[in-house]
Amino acid sequence: MARNPIRRPARPQLPPPKPGALPVVAGLLVTGALCAAGILWMAPESPPPERSEGRPAVQAVSPEAPLDPVPMDPPPPAAARPFVDAAGAGALAYAAGNHEGALAEYEAAVAKNPQDAESHSNLGQTLVRLGRPSESLPHFDRAIALIPSRWAYHFNRARALGLLERWDEAVAGYQQAQRLFPDDYATAFNLARALHLEGDEAAAVVAYQRAIALNPTDPSFHMALGISYERLDRRSEAAAAYTEALRLAPDAPDADRVRVRISQLTAPS
């Protein structure tokens, strides 16, 4: 089964200049739809398209982890992971955008069978969609306690923690998800983003490099790497990352501004 299409977020921005530094370009690549300053992979609103070769059907922000209905270890291939349970009133309500209806269905499912990890996870996902991430955490915790080897549960719990700006805990959650599913580029990217927002740019660079190794053709990944390089004052490496992003998306809306920034970073001091 498949991951869902994603909303396009706001434009990313380069880091603010340090005292005495060159002026910074305000707007950057929208292609790939990464918001390195604070956008998580978002849950979609419509039925999922098919995926292939590990890439999202729509080049956009990384989707939040889908919910697979059968306990598996290791996790199934990306193309086989549905977002919510494959059938049932809760899934139908969620797919239709009726999140309050889905909430009622999943609350009833949890009340009927408190030992059902998938119902707890689906309830947690619905609460996140309703803007109630703090209420989702006990349900993700319960799902993990019941099936600790399920990658998606750790991923989605980390995402909820990120929405609460609890970055150190989000980092730990994505790291555990990555241990369970080391080849998922969404996990690598979200881990890098959490490290970036936590302020650990050196670790973020390593995680972005891993995301790029797993998904090398998304220009927004290279833009995010360049931003972290700039925060570390690694100017030539930042310029190289931005250059690769432009190579992949030469006609991006802010491509000319990015070219100016590359020139500034590579100019003799």
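Per-structure values
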quantity	calculated
At q = 0.08, 0.10, 0.18, 0.19 Å⁻¹, base-10 log of I(q)/I(0) for the range 78-266 (Debye sum, equal scatterers on each alpha carbon)	-0.33, -0.49, -1.10, -1.16
For Asp254, distant residues with modelled amide H under 5 Å away	Val30
Neighbour-count order for Trp167, Trp151, fewest beta carbons within 10 angstrom listed first	Trp167, Trp151
Local electrostatic count at Ala143 - Lys and Arg +1, Asp and Glu -1, tallied over other residues with Cβ under 10 Å	0
Table column - 3J(HN,Hα) (Hz), the range 106-120, Karplus curve with 6.51, -1.76, 1.60, x for Gly and Pro	6, 5, 5, 5, 5, 5, 6, 9, x, 9, 8, 4, 5, 5, 4
Ranked by how many other beta carbons lie within 10 Å on average, peptides 135-144, 176-185, 190-199, 95-104 from highest	190-199, 135-144, 176-185, 95-104
HN-Hα J in Hz across the range 141-157 - Karplus 6.51, -1.76, 1.60, θ = phi - 60°, x for Gly and Pro	4, 5, 4, 5, 4, 7, 9, x, 8, 7, 4, 4, 5, 5, 4, 5, 5
Karplus 3J(HN,Hα) series, Hz, for the range 256-269 with 6.51 cos²θ - 1.76 cosθ + 1.60 (x for Gly, Pro)	5, 5, 5, 4, 4, 5, 4, 4, 5, 6, 9, 5, x, 7
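Laboratory data are not the source of any read-out in this text; all were calculated from the coordinates shown. Model, not experiment: these values are computed from the prediction. A quick note on method: Cβ atoms are made from the backbone with ideal geometry, for glycine too, and the neighbour counts reach across all protein chains shown.
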